[in-house]
1. Considering only residues that are aliphatic (A, V, I, L, M) and more than 26 Å from Val8 (Cβ to Cβ), which ones fall in segment 217-258?
2. Of the conditions (1) in a helix (DSSP H, G or I); (2) not assigned by TED's automatic domain parsing to the domain that holds Gln87, Trp5 clears all except one; give me its number.
3. Just give me the residues in segment 168-196 being farther than 29 Å from Leu234 by Cα, under 29 Å from the mean Cα position of the chain (by Cα) and in contact (Cβ under 8 Å) with a residue 40 or more places away in the chain, in sequence order.
4. Do we have any residue at all in segment 332-347 that's among the polar types (S, T, N, Q), more than 22 Å from the chain's Cα centre (by Cα) and either within 24 Å of Met1 (Cα to Cα) or in a strand (DSSP E or B) (or both)?
5. Mind checking which residues of segment 303-362 are basic (Lys, Arg) and farther than 24 Å from Glu272 by Cα?
6. With respect to Asp117, is the statement that it is among the acidic types (Asp, Glu), assigned by TED's automatic domain parsing to the domain that holds Asn201 and in contact (Cβ under 8 Å) with a residue 40 or more places away in the chain true?
7. Look through Arg291, Arg286, Arg306 and report the one residue that is free of Cβ contacts under 8 Å to residues at least 24 places away in the same chain and either touching a Gly at 6+ places or on another chain (Cβ under 8 Å) or assigned by TED's automatic domain parsing to the domain that holds Ile354 (or both).
Amino acid sequence: MRPCWIEVDFNCLAHNLTQIRKHTGTSKVMAVVKADAYGHGLIETAKLYQKLRVDWLAVALPQEGLEMRKAGITVPILVFGGLLREQIKELIEWNLDLTVSSLENLSWTEEIAQQMDSHARVHLKIDTGMGRIGTSGFETEHFIKKALSCQNLEIIGIYSHLACADDPESPMTLEQLKRYESALEYFQKHSTDKPLRHLANSGGILHFPQTHFDLVRPGIILYGVYPDPKSQRLLDLKPALSLKAQVVYSKKVKAGQPISYGATWAPEKDIEVSTIPLGYGDGFRRDLSNRGKILIQAEENLIVGRVCMDQFMVNTGLQKIPVGEEVVILGQQGNQSLSAEKMATELGTIPYEILTGLNHRIPRVYHPLLKNRLSL
């Protein structure tokens, strides 16, 4: 194993799911595991959620859904993303739920399902203000009517996506809710059974209980991370991911001797420098050069010089750190902790980017679920 790894604590993931279930009451839960389960590992995380009896899993891409099916995951899986015609057949074959977001998409799916003498499980997507995919405005009623007339479609759900729900003060969420409820009126008017209604992402779950409907779609809060600095800390979330490494080299660096590419930093006096085997080739951000911090022996230490593709260097002052010493880049050591939220704020980005950027070069290690968690 590399002397650099990610630890994922299944007990934290189970705890966060329990917090969400308590907060949302009777709503079903669709656990969002796209982007390698936000860096936590797609298959391992999806298997855990299946064990914890989530109602649905959700991904962005067909290949993510196929990977889960091939790994033996049987829970219903929704593919969020827009689809090309040639992708539809395989999704139906693997019993994946499709997002149908336009009349054209609807027509393709019905036609291919007929050719296969099968039924496609679909969720109708309404654009209420995100502007990404989904039918909007004057087309919505016609779109729903057309979908209900299709013989080879099983309409499982109808959903939309909130653009600003991470911010509890944003007025846009209530506008989107109004548009979504307006689309749902079709079913009332025509005495037609409603499919599953789902609208709330992590922000909606936290701040807008009126968006919970039949099913909620938690993403980043499942992993113990709040989506935005403005998000209200309403749940007792526990970050499940830690990023750790071991020191692979230590040496004394003389005053004025530059460190790393471009010679962007040099010490003013003699210091000890330790090398950590992690870099931008692993998804660790290069813009942490000369300003990021890590924990060594429960103390913060500054990254010095530019982050390299596979390594970076840390100023440890007058203390020589032994080779093999464990360091924490994200997570807790002693009474100190470094979070994805804090790193994101320092970099002017969002914690999603920090977590999903950690790629497959970094091995994952999983802390197993304690038996008492299975009943949650």
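1. Val253, Ala255
2. Here Trp5 clears every test but (1).
3. Ala183, Pro195
4. Within segment 332-347, one or more residues are among the polar types (S, T, N, Q), more than 22 Å from the chain's Cα centre (by Cα) and either within 24 Å of Met1 (Cα to Cα) or in a strand (DSSP E or B) (or both).
5. Passing the criteria: Lys342, Arg361.
6. no
7. Arg286
Condition check ((1) within 19 Å of Thr45 (Cα to Cα); (2) exposed (fewer than 13 other Cβ atoms within 10 Å of the Cβ); (3) touching a Gly at 6+ places or on another chain (Cβ under 8 Å); (4) at pLDDT 95 or above) across all residues:
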{"position": "Met343", "(1), (2), (3), (4)": "no, no, yes, yes"}
{"position": "Thr349", "(1), (2), (3), (4)": "no, no, no, yes"}
{"position": "Leu355", "(1), (2), (3), (4)": "yes, no, yes, yes"}
{"position": "Asn359", "(1), (2), (3), (4)": "yes, yes, yes, yes"}
{"position": "His367", "(1), (2), (3), (4)": "yes, no, no, yes"}
{"position": "Ser375", "(1), (2), (3), (4)": "yes, yes, no, no"}
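The values are calculated or read from the model by the stated rules, or taken from the named source; none is laboratory data. Because the structure is predicted, anything quoted here is derived from the model rather than measured. Quick reminder, even Gly has a Cβ in these numbers, built from the backbone with ideal geometry, and neighbours come from all protein chains shown.
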